[in-house]
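Reading through the structure tokens given below for one structure.
The values are calculated or read from the model by the stated rules, or taken from the named source; none is laboratory data. No experiment lies behind these values; they were computed from the predicted model shown. As a convention, Cβ positions derive from the backbone with ideal geometry for all residues, glycine included, and neighbour counts pool all protein chains shown. The area values use the complete protein model at the heavy-atom level, side chains included, leaving out ligands, DNA and RNA. Shrake-Rupley method; radii C 1.70, N 1.55, O 1.52, S 1.80 Å.
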Amino acid sequence: FLLPAALCLLTLLLPPLSLGAPISPAEPISQAYSLALYMQKNTSTLLQTYLQCQGSPFSDPGFSAPELQLSSLPPAAVSFKTWHALNDRERLSCAQGAFLALTQHLQLVGDDQSDLNPGSPILLAQLGAATLRAQGLLGNMAAIMTALGLPIPPEEDTLGLVPFGASAFERKCRGYVVTWEYGHWTDRAVRDLALLKAKYPG
């Protein structure tokens, strides 16, 4: 009869298991914010390295073509009024969708550049690192949404049908848009996460 008594005592001493208890969002938000800040320090370097490796007109001083867009990649630009009015679910869903698309697009750009600029190991390494960081931030966004009890959108193939017969110039333009939007989405993610960090302090 001693064994059941000991088990009862042990049960009383152990903390109760809180199955399904909410997880504080403060930690994943802080982790995501730190990663986004780190990414932000490297986005301009990636864009400049990319442009320098593509030749003219991309490598010409002052080159900029913000009018170029990809239908498969959501633009980061949004009015301040619209951005500020987003709720947590909308804000995180936008960021999650953007970095899912960026992860896939950066992989495509890396493949393009392996073909177009195989002798540019620095660019290829920077594209690979950007892809991994975008994947990391995507995982952080999912962790935040889980902590807040928000549904995580299913992963989709954002690239769709890729024209494999695209010319070198078209692929260079595509890579420019991706590296440009990567920088601007990272800037937006920093702002998003700073807002969430203030809302959910640790």
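Couple of notes before you dig in:
- All positions within segment 38-49 that are touching a helix residue (DSSP H, G or I) at 6+ places or on another chain (Cβ under 6 Å) and either within 20 Å of Ala189 (Cβ to Cβ) or of a type in the set (Asp, Glu) (or both): Met39, Gln40, Thr43, Leu46, Leu47
- Members of segment 64-97 found to be acidic (Asp, Glu) and more than 16 Å from the chain's Cα centre (by Cα), listed by number: Glu67, Asp88
- Residue in segment 175-187 that is of a type in the set (S, T, N, Q), over 23 Å from Ser24 (Cβ atoms) and open to solvent by less than 40 Å² (accessible area, probe 1.4 Å) present: yes
- Qualifying residue in segment 90-98 (condition: of a type in the set (Lys, Arg), over 15 Å from Asn42 (Cβ atoms), touching a residue at least 60 places away in the same chain (Cβ under 8 Å) and in a helix (DSSP H, G or I)): yes
The rows are residues; the columns are (1) open to solvent by less than 30 Å² (accessible area, probe 1.4 Å); (2) touching a helix residue (DSSP H, G or I) at 6+ places or on another chain (Cβ under 8 Å); (3) aromatic (Phe, Trp, Tyr); (4) touching a residue at least 24 places away in the same chain (Cβ under 8 Å).
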position: Pro61; (1), (2), (3), (4): no, no, no, no
position: Ser72; (1), (2), (3), (4): no, yes, no, yes
position: Leu123; (1), (2), (3), (4): yes, yes, no, yes
position: Ile144; (1), (2), (3), (4): yes, yes, no, yes
position: Glu155; (1), (2), (3), (4): no, yes, no, yes
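- Residue in segment 162-171 that is in contact (Cβ under 8 Å) with a residue 60 or more places away in the chain and either closer than 27 Å to Leu195 by Cα or β-branched (Val, Ile, Thr) (or both) present: no
- Candidates Gly110, Gly136, Gly128: the one that is surrounded by fewer than 21 Cβ atoms within 10 Å (Cβ to Cβ), free of Cβ contacts under 8 Å to residues at least 24 places away in the same chain, within 15 Å of the chain's Cα centre (by Cα) and assigned to a helix (DSSP H, G or I) is Gly128.
- Among the residues making up segment 70-110, those that are closer than 18 Å to Glu155 by Cα and among the aliphatic types (A, V, I, L, M) are Leu73, Leu92, Ala95, Ala98, Leu100, Ala101, Leu102, Leu106, Leu108.
- Subset tally (residues that are open to solvent by 70 Å² or more (accessible area, probe 1.4 Å) and touching a Ser or Thr at 6+ places or on another chain (Cβ under 8 Å)) for segment 188-202: 2
- Residue pairs meeting the criteria (Cβ under 8 Å; at least 6 apart or on separate chains; first under 10 Å from Asn140 (Cβ atoms), in segment 28-49; second of a type in the set (Phe, Trp, Tyr)): Ile29/Tyr200
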